[in-house]
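Reading through the C-alpha cells given below for one structure.
The values are calculated or read from the model by the stated rules, or taken from the named source; none is laboratory data. Being a predicted model, the structure only gives us computed values, none of them experimental. Surface accessibility is based on the protein's heavy atoms, side chains included, excluding ligands, DNA and RNA. Shrake-Rupley method; radii C 1.70, N 1.55, O 1.52, S 1.80 Å.
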Amino acid sequence: QVQLVESGGGLVQAGGSLRLSCAASGRTFSTYTSGWFRQAPGQEREFVALITWSSGIPYYADSVKGRFTISRDNAKNTVYLQMNSLKPEDTAVYYCAADPYSGSGKPATYRYWGQGTLVTVSS
C-alpha cells in the first residue's frame with residue numbers, strides 16, 4: 001500500500017515558478033513509476049509528466065515540455081515537479097500518482113493517487 005501527499009501548490013503570476021512535492025509512504029515506492037497529472041475545472045484529468053523507476057527517464061506532455069521538470073529522490077520517497085515559465089493555462093489541481101506497473105500517461109493505469117494540490121496562475 002502506498003499513500004501519496006502533495007504539497008507546494010499556490011498562487012503565482014504568469015512567468016513565475018513553483019515546485020510541487022509528492023511524499024510517499026511505503027518501502028517499495030522506489031520501484032514504482034511516478035506521474036503528475038492535472039485537472040482544470042470542467043476538463044478531464046490529463047497527463048503532465050512521469051518518471052519510471054527502472055530507468056529514471058522522464059516523459060512530458062508536449063504542453064509542458066521545456067518548462068516542467070520531474071525528478072525523484074528515492075532516499076526521501078519523494079517526487080518533485082519543478083514548474084517554470086508558468087502560464088494561466090497551467091491553472092489546475094495537480095495530482096501525484098504511482099503504480100508498480102504503469103509506464104504510460106493514462107490516468108486509469110495508476111493505482112495510487114494523492115489528494116491534489118491547487119496551482120493558480122494569474123495573468
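When the accessible area of the chain is split by element with a 1.4 Å probe, what percent falls to carbon and sulfur?
49
Which whole-number value in Å² is the accessible area per residue of the chain, probe 1.4 Å?
51
Where a Cα-Cα gap under 22 Å defines reach, which lysines qualify for Lys87, not counting those fewer than 8 residues away within the same chain?
Partners within reach: Lys65.
Along the principal axes of its C-alpha atoms, what lengths does the chain span, in descending order and rounded to whole Å?
Projected onto its principal axes, the Cα set of the chain covers 41, 27, 24 Å.
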